[in-house]
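Read the structure below first, then the notes.
The values are calculated or read from the model by the stated rules, or taken from the named source; none is laboratory data. Treat the numbers as computed from the prediction; the structure is a model and nothing was measured. Every residue, glycine among them, receives a Cβ derived from its backbone with ideal geometry; neighbour counts consider all protein chains shown.
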Amino acid sequence: MPPLLPRPTLLPRGRPATIQSLSKALFSSTTTTSSAPQRIPPESPLFINIPNPPQDQSVENFRDLKRNKGHLPLPRQVFRKRDGHLKSSETWLTKSAPQPSSEASKQPPKSEVQAWKRKMAHTRRDNMREGVRALYARKKLFDSRRTEKQVAKLESHRAAATAPEREDERLTRASVNAGTLQTKVLPDPLRFERAEASKERSESIAARKSEARRDAIQELYMRARSFIVSENDLEAEVNRLFAPDYWKKMGMTASGFDVNNIWDLSGRPPTVADMLNEVSRTSSTVLKNLESEKTKTLKRQKEVAEELTGGKLDGI
């Protein structure tokens, strides 16, 4: 709760209240310093100063009050067990509130107090009978109402589920082609032919792989004759390749000059322009075209020889 506002100073008694004095007393806080009391608006309950009684429960002391929260007792389920329906029977009521069986109770009352006590006991037994039967009747009424509500709700749900389509929904429903409703996957009538064709393709691929593997093994076998397998062979090969007269033993080039390096033997390496000309086939070098045709002819002859002999041949 926000802090209470100070009350305005009352006018002294015996002096008539004028408009000027009231306005000066009420609105003096607007013209005074910050230490002056704060102005109270007319809609505030503290606008009129009323003396508080000694034991006050007004707004000033309301902040000290603590709210005491209570709780409602939960209703007890009287007929919650399986034999709850037997509580309204005469046998259960007689056993729960039996009649007095002593000899003294069978005698007439000896005093007014004893007569009053017997009357009150009889009243309690009757009240118990009426209360249990009334509670059981109310329970059956509540159960029947709950069952009726459940049945009515189920019937309404079933009626809504089985109700025919409304006219506005039928008229605004999007049209669906009957072909789109066919979601069954039919078997392919040419599935056996496709399977045979796939089998033939797989067999041809396997045959090509086997042939390539056999050619690779044959070529490896042929090239294994020149493999270096010992240190003596390695030393002999190094001495042959790095001999001072290695290039002179190669003979002469096609132009009649001696071979002094790899460039004289194989020619200069191709430049980027030469490779582009070869790809675009715009080169006009007759000799290079003749060499490429010769290389292609040798490759074709080698392929024919390998096909006739049934194995790989050493060469190009």
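Observations
- Pick from the stretch 101-126, criterion hydroxyl-bearing (Ser, Thr, Tyr) and not in a helix (DSSP H, G or I), ranking: farthest from Leu141 (Cα to Cα): Ser111
- Boolean, Thr32 is β-branched (Val, Ile, Thr) and modelled with pLDDT of 80 or more: no
- Test: residue in the stretch 231-245 that is of a type in the set (Val, Ile, Thr), under 30 Å from Thr309 (Cβ atoms) and surrounded by 10 or more Cβ atoms within 10 Å (Cβ to Cβ): no
- The set of residues from the stretch 263-282 being small (Gly, Ala, Ser) and closer than 30 Å to Lys248 by Cβ comprises Ser266, Gly267.
- Top-ranked residue of the stretch 246-264 - restricted to ones that are within 22 Å of Ser226 (Cα to Cα) and surrounded by 11 or more Cβ atoms within 10 Å (Cβ to Cβ), ranked as modelled with the lowest pLDDT: Met250
- Among the residues of the stretch 278-316, just one is modelled with pLDDT of 80 or more and under 60 Å from the mean Cα position of the chain (by Cα), namely Ser280.
- Index of the failed condition, Pro187 passing every other in (1) part of a loop (DSSP other than H, G, I, E, B); (2) more than 59 Å from the chain's Cα centre (by Cα): (2)
- When restricted to residues that are modelled with pLDDT under 90 and surrounded by 10 or more Cβ atoms within 10 Å (Cβ to Cβ), the stretch 101-133 contains 2.
- Considering residues of the stretch 100-128 that are more than 60 Å from the chain's Cα centre (by Cα) and in contact (Cβ under 8 Å) with a residue 12 or more places away in the chain only, the residue farthest from Arg76 (Cα to Cα): Ser105
- Top-ranked residue in the stretch 63-100 [being among the small types (Gly, Ala, Ser) and in a loop (DSSP other than H, G, I, E, B); ranked as surrounded by the most Cβ atoms within 10 Å (Cβ to Cβ)]: Ala97
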